[in-house]
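A short worksheet on the structure shown next.
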Amino acid sequence: MSRIKERGLRALNLKDYNSENIPEYIGQLKLTPPSERQYVLRILIKRPFEDLQVPKDLKWCQPMIDMALKAQELYGLRQPFLYLTVRHGKVTSTTDDVWHVDGFSQTITHLPEQNYIWCSHTPTEVALKPINFPLDFDSNRHNIHDFFDKVINDQTKIITVDSETVYAMDPYVIHRRPKIESGTVRTFVRLSFTPIEINDLNNTFNPQMPTNYKRDGRVDFRNKLISYHEDRYFLLNNMFNFITKNLENPNITPIEIDYLTSHLNLILEELEELETLLS
Ligand SMILES: [Fe+2]
């Protein structure tokens, strides 16, 4: 098992998924959210050479910010940007209850971010699944979340963290929000210490820290990624057709037949596995 502290010193990579990566306990905490609904997505509250700027209506998150800043200091991990996410009110979104990680992107080489999470009840579930990515997995082409969804199954060990408790995570901790009945009131807070600015127009604007984000993260990149398993299925199917066509060649030698058939068997075996996975 590796830890956030050591992973924090290595550029974001696929090899670090090869262990049971757990959220790290920081401490219990009582927070007092406002009575009205609050929904804030990655509001920038700190950037280099500037003081922390927490909008007044988000000051109730300050005890968690203090705790997370202290934890980052103890880890010895310095990140230039800090974003705050708050979902407080009736649960409506469904995107969080699928297996995912926060902050995975290999478009540019960078150190992993650290996220601190807290919730009032129905806490985050974590999949303890060491993952060995196939050599042909390309994170700039294939959707890593789709990959998790395909390989995490009933046999995967799942743990649930505690509510009203702060945990540290990094992009190697595979997690999801448990299914919550729509309409249930819940509070979730996340602090993201990031090595690069998250240029995303979906981020909530902080008037005390003006930004001019123009990129739409979802539309520009994430939506263009394809399923690794579907991609592989397509490739193997083409290979299968290619080989069967060659086997029909009247001039084929017995050695070639042997060679091609052994390949064909391997392809068929993998195609069968993929069919089960994709069904
Ligand atoms: Fe998450």
To the nearest 10 degrees, the tilt of helix 62-75 (Cα long axis) against the first principal axis of the alpha carbons of the chain is 60
Hits among lysines - C-alpha to C-alpha of LYS56 under 21 Å, sequence gap 8 or more where chains match: LYS30, LYS46
Ignoring GluC sites (Glu not before Pro) buried by more than 16 other Cβ within 10 Å or outside DSSP loops, the longest site-free run in the chain is 51-163
Cα gyration tensor of segment 3-224, axes a ≥ b ≥ c as square roots of the eigenvalues: rounded (a/c below 1.5), prolate (a/b > b/c) or oblate? rounded
Please determine, in degrees from 0 to 90 and to the nearest 10, the orientation of helix 228-247 with respect to the longest principal axis defined by the Cα atoms of the chain, where the helix direction is its Cα long axis. 10
Just rank HIS145, HIS88, fewest to most, by other beta-carbon atoms within 10 angstrom. HIS145, HIS88
Among the lysines, which fall within straight-line cross-link reach of LYS150, defined as a Cα-Cα distance under 17 Å, with same-chain neighbours fewer than 8 residues apart omitted? LYS129
Residues PHE242, PHE137, PHE188, PHE49 in order from fewest to most other beta-carbon atoms within 10 Å are PHE49, PHE242, PHE137, PHE188
Whole-percent tail of the Cα-Cα distance distribution for segment 228-278, cut at 15 Å, equals 46
Roughly how large, in nm² to one decimal, is the mean projection of the convex hull of the alpha-carbon atoms in segment 1-88? 7.1
Could you give the dipole magnitude of the chain about its Cα centre, charging the beta-carbon of Lys and Arg +1 and that of Asp and Glu -1, in debye to the nearest 20? 1400
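Which of the trypsin sites (Lys or Arg not before Pro) found in segment 45-131 are loop residues per DSSP with 16 or fewer other Cβ atoms within 10 Å of their Cβ?
Qualifying residues, ordered by number: ARG78.
Read the figures in this text as sums done on the coordinates, not as results from a lab. Since the model is a prediction, treat every value here as computed from it, not as a measurement. Note that we place each Cβ from the backbone using ideal geometry, even for glycine, and neighbour counts take in every protein chain shown.
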